[in-house]
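Peer 1: Mind looking over this structure? Questions follow.
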2 protein chains.
Amino acid sequence: MGGGSRRGFSGKGRPRQGGPRPHQVHPPREIREQNTNGNGDEKPIPPLEAGNIRIIPLGGVEEIGKNMTAVEFGDDIIVIDCGFQFREADTPGIDYILPNTKYLEDRQDKIRGMFITHGHLDHIGGIPYIIDRIGYPPVYTRKLTAIMVKKRQEEFPNLKPLTIHEVEKEDTIRVGALKVRFFSVTHTIPDAMGIIIETPYGLLVFTGDLKLDHIEGVPTEAEEKEFAYFKDKKVLFLAADSTNVEKAGFSIPESTVKKTMDDIIANTPGRLIIGTFSSQLERLMRMVEQAERVGRKILVEGRSMKVNLEIVKHLGLLKVSDKTFIGPESLESTPDSKILILATGAQGDEFAALMRIAVKTHKYVKIKKSDTIVLSSSIVPGNERSVQKLKDNLSRQGARIIHREQMDVHASGHANRDETFWIHQKINPRFFMPMHGYHYMLRVHADIAKACGRAEEEIIVPDNGAVIEIQDEGQKIVRLKEMAPNSLRLVDGFAIGDMQEVVIRDRTVLAAEGMFVIIATVNPKNGRLRKSPDIISRGFVYLRESQELLQQARIIVKKTIEDTTHGQQPINFDFVKNNVTDAVARFLFEKTNKRPIVIPVVLGV
Amino acid sequence: MGGGSRRGFSGKGRPRQGGPRPHQVHPPREIREQNTNGNGDEKPIPPLEAGNIRIIPLGGVEEIGKNMTAVEFGDDIIVIDCGFQFREADTPGIDYILPNTKYLEDRQDKIRGMFITHGHLDHIGGIPYIIDRIGYPPVYTRKLTAIMVKKRQEEFPNLKPLTIHEVEKEDTIRVGALKVRFFSVTHTIPDAMGIIIETPYGLLVFTGDLKLDHIEGVPTEAEEKEFAYFKDKKVLFLAADSTNVEKAGFSIPESTVKKTMDDIIANTPGRLIIGTFSSQLERLMRMVEQAERVGRKILVEGRSMKVNLEIVKHLGLLKVSDKTFIGPESLESTPDSKILILATGAQGDEFAALMRIAVKTHKYVKIKKSDTIVLSSSIVPGNERSVQKLKDNLSRQGARIIHREQMDVHASGHANRDETFWIHQKINPRFFMPMHGYHYMLRVHADIAKACGRAEEEIIVPDNGAVIEIQDEGQKIVRLKEMAPNSLRLVDGFAIGDMQEVVIRDRTVLAAEGMFVIIATVNPKNGRLRKSPDIISRGFVYLRESQELLQQARIIVKKTIEDTTHGQQPINFDFVKNNVTDAVARFLFEKTNKRPIVIPVVLGV
């Protein structure tokens, strides 16, 4: 008897099928110069020599997201940020991508603390999935970030409580033999900060995500004051945000967006619906304040936005009357011109408030022709079509749409090229490593560092898992040829772990080609079928209109099995199944030009 | 005995599983105001009354792509364009999306001709899949387009030969009772034209895709001359390109791109690799000419680009020496500064030349640090990540990259807002219908028409399948409440036809959640399992690490079957399978937070 289950488990033995179809774009995985060390065991990483400083970007330097960096000196490791990344087109079905933290897991005893720059998910999202694996180091961050981390942690009741130390900007934290300081940076959420680690050879500076507050390209006094800290300091090393370095000049300052939004909130005649990210917390706070000022009542639609606004109200960062907020039951009784609806979902996410409003599935909010809808957001790459659908569906109902290509209703939280140049000049580091971005962005950032006077050998353009060391008492920076483990780690349902290529590959093929399972019962005595084979197929062809194809497939299965088993005693079921797979796959491809995953189950009964 | 095959065919009866996971963006299908008529049989379309003109956009007004319009007057139907669209994220595995041509199939006898505006796939790509269904009407188009249509048709040897009439811009073609004329438009491929249909009530004008040639916002004399045709004409109706109407001002003229590219081709010190679309035929021709002028030898990489360049050389549209082109064998012997490689794949398509070069799988071309790579293209929405990978992989090898955000190395072929305004003023139609674009773009275009003096009731913003009529001897334009059939038609392997929601839905679920097939053999006499059930799973969890989960699932299957069959005689296999599906699906979701498609096969043997 030869059950088909073993086959189902291993994924081995089936022919290479289901390659991508012509004329379709499939981004291949990144090629890397040094990336043979998927699991960290091919080339063991040498122990850190006394006096050397080791810096390992565990995530965030081959993508935008999953930011996490380890800094190691003597007996101490400090971790900076712990983010995740949302799934990509080439990782279907998974929830999140995590930094690979195996290097830290193997050195838990050395980890003295985790420092979090700000409360966005690409900097805090990995904590619930990772903290348990690295021994619950204490978390250091500012007040708002601390609350956001705690809030998220509540969704994981199985985890131990975190040790969180709230820090102030002026604090100096001693962790192990190291001292850590902070500086304020401008981003899109309060309490964003950069991190400074003091070493005997100079400061290590990590900017986190940042931009500059400025007026027409002249940074404000507040920025000048903040960055003046570095004036007479010896900065040994800088790691800085690369997200927007490809963009020329200075970014649009949030003050410009505030002016635009203030005007829209004050002067829009009908109902005003603003879609934005809940992570744009600074802007949300300013919009709420302006609505109160001009007498608009606010309905907040979207759980994450509600949570974030409650947090800043609770902390006293946002001071508005509770009466400024209304529930959906008050929509009818409030004049349209006095309504502001703040909604999540400006990315066209199917389940977020704005899309539900757009496709008329929202419980309370129906679009009126007199509505004005502001998309106060950029389009996250990959969401272009979703946002198009959102605009199409809203405009179909006659609403007026204002988006960032028409007015300054959105600004990014990351520094453009000229701001980045200014930051480099102020911090003036000896060595530089670009981070927070795709490889090409890091290269562009490296060119900016060169324009600021860095030599080629003073810059390292890293990969995830690159082991970078500052050696010779701060005299040189090198990248070891060894890599820290850097294979992809995924959150897939409840499963957290290394990406299983076979699962992802199967999903990709199933999505494009579908599956075709054959169940045949064979008399083991004579090798003949007990009955016509059963076929189960999904995602392949429309079966109702393919009865003839199925009938022909059944005949091929029967003939293949009986030809193969003819004279065979005992029957070699593996051989039978291989022949069935080959014959059916070939037949289906000839007839349909598709290559479904073919799985034969041949039962000897 | 109760085989599982029936279940596999119908897709009925299984629980609603595998919904999308949280935190992921899924663009829902468009909602439509009037779209109940998926198959055209709910509300029959009334026959066309004598004297009325009927215009039906069959595709291209809810998307960019699959452009096709039917114009009906008296006993005659004229078809304009016959494009396809590439697949979308919500149609996994399919090859192309076609316009729904059922309206034409039902009225084949009236079709007098198909007029093609230009040779891009979103205007000609549907012909091989559609021409057979609508009775092979004669095709009218200009010389280059005619050759491109013929070339494509060669790949479909099963089809009858096309009847193609080459037309000149000055021709007047009589088809049925109608006369058709043409006007030249500026696009990105030679021989692009707009179409003019003469009716007793005035001209119907279809622009096709177009932009204006201009110098700093002043259209050239050639454009002025071309559009002067409309000066004293009575234009009853205009349908015009909406692709770029959201963009302010005038588009970058191709002459600016030419200057930039001429300079790059003349002055780049090392090897030059230019990635662009093979459809950018005008630009390709200008680059080839410049390379010859400055003594660079050209290696063309990419089949479609080779074919297109051969066609324009053959037609005498491109006059260069054959010696300007080299084969890969000459790369080594040619000085780097004398090499230009023209390559397809600037969108990051895995199999196109440029990506193969980037990921080091190209047979001949290896990147050198001294190479300059120009991406002379825009990013088609949805390809952002692929293009990022392309740039990452190229820059990782040290090449210099120039893209459109740095220099004018690309311009779109579609008119911006101010150009569109100019076109409206020149053509000055009585009635207007925006086309070629997503719904929101059409709305923006309608606003431009209003700014040019059209009244609300003189404009129709259509959907695919909208039946628009000009009635009362040209006095009014209306949209009937009936719709022409407009359900999605797909090319999926060799299958061409209506989208089968169940297949696409299964693919989407398989991609995100995977599948879980259970095979149980039951003794029909006592309802007990003959042996432990077999399980086949793909794309769900990593099975090698999930043995315990599988073991528990087997126990649940056995218990569910034996509990259900206990005392049952004969056994109700459908009931058994439903219970197994429910129990296993619930168990798997509890344990993994995933909802694979669960398919039970229960065999009575």
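Peer 1: Can you tell me which of A:Lys391, A:Lys363, A:Lys368 is outside any loop (DSSP other than H, G, I, E, B), touching a helix residue (DSSP H, G or I) at 6+ places or on another chain (Cβ under 8 Å) and basic (Lys, Arg)?
Peer 2: Answer to the check: A:Lys391.
Peer 1: While we're looking at this one, here's another question. Among (1) at pLDDT 95 or above; (2) crowded, with 22+ Cβ neighbours inside 10 Å; (3) not in a loop (DSSP other than H, G, I, E, B), which single condition is A:His414 missing?
Peer 2: Here A:His414 meets the rest and fails (3).
Peer 1: Can you tell me which residue among A:Val517, A:Val576 is under 20 Å from B:Ser537 (Cα atoms), within 48 Å of the chain's Cα centre (by Cα), in contact (Cβ under 8 Å) with a residue 40 or more places away in the chain and crowded, with 17+ Cβ neighbours inside 10 Å?
Peer 2: Just one listed residue meets the conditions, A:Val517.
Peer 1: Taking the stated definitions as given, is B:Val461 within 30 Å of B:Pro46 (Cα to Cα), touching a helix residue (DSSP H, G or I) at 6+ places or on another chain (Cβ under 7 Å) and not in a helix (DSSP H, G or I)?
Peer 2: Yes.
So that you can scan it fast, the table gives a plain yes or no per residue for (1) outside any strand (DSSP E or B); (2) closer than 26 Å to A:Glu154 by Cβ; (3) among the acidic types (Asp, Glu):
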residue	(1), (2), (3)
A:Asp262	yes, no, yes
A:Arg283	yes, yes, no
A:Lys306	yes, yes, no
A:Val320	yes, yes, no
A:Met355	yes, no, no
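Peer 1: Name every residue in segment A:438-458 that is away from every other protein chain (no Cβ under 14 Å) and of a type outside the set (A, V, I, L, M), in order of residue number.
Peer 2: A:Cys452, A:Gly453, A:Arg454, A:Glu457, A:Glu458
Peer 1: Check A:Ser242, A:Ser255 and return the single one that is of a type in the set (Ser, Thr, Tyr) and touching a Pro at 6+ places or on another chain (Cβ under 6 Å).
Peer 2: From the options A:Ser242, A:Ser255, the qualifying one is A:Ser242.
Peer 1: So which residues in segment A:208-218 are touching a strand residue (DSSP E or B) at 6+ places or on another chain (Cβ under 7 Å) and either under 18 Å from A:His165 (Cβ atoms) or surrounded by fewer than 24 Cβ atoms within 10 Å (Cβ to Cβ) (or both), if there are any at all?
Peer 2: Listed by number, the residues that qualify are A:Gly208, A:Asp213.
Peer 1: For B:Arg586, indicate whether it is of a type outside the set (S, T, N, Q) and buried (at least 19 other Cβ atoms within 10 Å of the Cβ).
Peer 2: no
Peer 1: Yes or no: segment A:527-534 includes at least one residue that is facing chain B (nearest Cβ under 7 Å) and within 15 Å of B:Ala511 (Cβ to Cβ).
Peer 2: no
Peer 1: Would you tally the residues in segment A:338-392 being among the hydroxyl-bearing types (Ser, Thr, Tyr) and within 22 Å of A:Ser279 (Cβ to Cβ)?
Peer 2: 5
Peer 1: A further question on this structure: One residue is enough: does segment A:272-280 have a residue meeting the conditions within 22 Å of the chain's Cα centre (by Cα), under 23 Å from A:Ser378 (Cα atoms), modelled with pLDDT under 95 and surrounded by fewer than 18 Cβ atoms within 10 Å (Cβ to Cβ)?
Peer 2: No; the residues of segment A:272-280 include none that is within 22 Å of the chain's Cα centre (by Cα), under 23 Å from A:Ser378 (Cα atoms), modelled with pLDDT under 95 and surrounded by fewer than 18 Cβ atoms within 10 Å (Cβ to Cβ).
Peer 1: Give me a count of the residues in segment A:304-334 that are surrounded by fewer than 17 Cβ atoms within 10 Å (Cβ to Cβ), in contact with a Leu (Cβ under 9 Å, 6 or more places away or on another chain) and aliphatic (A, V, I, L, M).
Peer 2: Result for segment A:304-334: 2.
Peer 1: Filter segment B:45-97 for residues that are touching a Leu at 6+ places or on another chain (Cβ under 7 Å), closer than 30 Å to B:Ala512 by Cβ and of a type in the set (A, V, I, L, M, F, W, C) and give the result.
Peer 2: Passing the criteria: B:Phe84, B:Ile94, B:Ile97.
Peer 1: Every residue in segment A:370-393 that is modelled with pLDDT under 95, more than 21 Å from the chain's Cα centre (by Cα) and of a type in the set (Lys, Arg), please.
Peer 2: A:Lys389 - this is the single residue of segment A:370-393 that is modelled with pLDDT under 95, more than 21 Å from the chain's Cα centre (by Cα) and of a type in the set (Lys, Arg).
Peer 1: Would you point out the residue of segment B:524-550, among those that are in contact with a Lys or Arg (Cβ under 6 Å, 6 or more places away or on another chain) and not aliphatic (A, V, I, L, M), that is surrounded by the fewest Cβ atoms within 10 Å (Cβ to Cβ)?
Peer 2: B:Ser532
Peer 1: Given the options B:Asn100, B:Asn67, name the one that is more than 14 Å from every other protein chain (Cβ to nearest Cβ) and farther than 25 Å from B:Lys179 by Cα.
Peer 2: B:Asn100
Peer 1: For segment B:473-514, name all the residues that are in a loop (DSSP other than H, G, I, E, B) and touching a residue at least 60 places away in the same chain (Cβ under 8 Å).
Peer 2: B:Glu473, B:Gly474, B:Ala484, B:Pro485, B:Asn486, B:Ser487, B:Leu488, B:Gly493, B:Met499, B:Gly514
Peer 1: Could you tell me which numbered condition A:Thr324 fails, if it satisfies all but one of (1) within 14 Å of chain B (Cβ to nearest Cβ); (2) of a type in the set (S, T, N, Q); (3) more than 24 Å from A:Gln406 (Cα to Cα); (4) in contact with an Asp or Glu (Cβ under 8 Å, 6 or more places away or on another chain)?
Peer 2: (1)
Peer 1: Right, next: Give the residue that is farthest from A:Ile127 (Cα to Cα), with candidates limited to residues of segment A:145-172 that are in contact (Cβ under 8 Å) with a residue 60 or more places away in the chain and crowded, with 19+ Cβ neighbours inside 10 Å.
Peer 2: Result: A:Ile147.
Peer 1: So, in segment A:485-526, how many residues would count as being of a type outside the set (A, V, I, L, M, F, W, C), at the interface with another protein chain (Cβ under 7 Å from one of its Cβ atoms), touching a helix residue (DSSP H, G or I) at 6+ places or on another chain (Cβ under 9 Å) and over 30 Å from A:Leu58 (Cβ atoms)?
Peer 2: 2
Peer 1: Filter segment B:322-352 for residues that are touching a residue at least 60 places away in the same chain (Cβ under 8 Å) and either closer than 18 Å to B:Ile265 by Cα or in a helix (DSSP H, G or I) (or both) and give the result.
Peer 2: Answer for segment B:322-352, where residues must be touching a residue at least 60 places away in the same chain (Cβ under 8 Å) and either closer than 18 Å to B:Ile265 by Cα or in a helix (DSSP H, G or I) (or both): B:Asp336, B:Ser337, B:Ile339, B:Leu340, B:Ile341, B:Leu342, B:Ala343, B:Thr344, B:Ala346.
Peer 1: In segment A:380-418, what count of residues is obtained for those that are β-branched (Val, Ile, Thr) and at the interface with another protein chain (Cβ under 9 Å from one of its Cβ atoms)?
Peer 2: 3
Peer 1: A follow-up question, please. From the residues in segment B:371-386 that are of a type outside the set (A, V, I, L, M) and closer than 16 Å to B:Gly270 by Cα, which one is surrounded by the fewest Cβ atoms within 10 Å (Cβ to Cβ)?
Peer 2: Step by step, filter segment B:371-386, then rank; the result is B:Thr372.
Peer 1: Residues in segment A:482-504: is at least one on the phi > 0 side of the Ramachandran plot and surrounded by 17 or more Cβ atoms within 10 Å (Cβ to Cβ)?
Peer 2: So far as segment A:482-504 goes, yes, one or more of its residues are on the phi > 0 side of the Ramachandran plot and surrounded by 17 or more Cβ atoms within 10 Å (Cβ to Cβ).
Peer 1: Any idea which residue in segment A:346-370 is farthest from A:Pro190 (Cα to Cα), counting only those that are surrounded by 12 or more Cβ atoms within 10 Å (Cβ to Cβ) and in contact with a Gly (Cβ under 6 Å, 6 or more places away or on another chain)?
Peer 2: A:Ser370
Peer 1: I'm trying to understand the selection: among the residues of segment B:162-187, which are in a loop (DSSP other than H, G, I, E, B) and at pLDDT 95 or above?
Peer 2: B:Leu162, B:Thr163, B:Val167, B:Asp171, B:Thr172, B:Val185, B:His187
The values are calculated or read from the model by the stated rules, or taken from the named source; none is laboratory data. All of these numbers come straight from a predicted model, not from anything done at the bench. Backbone-built Cβ (ideal geometry, glycine too); neighbour counts: all protein chains shown.
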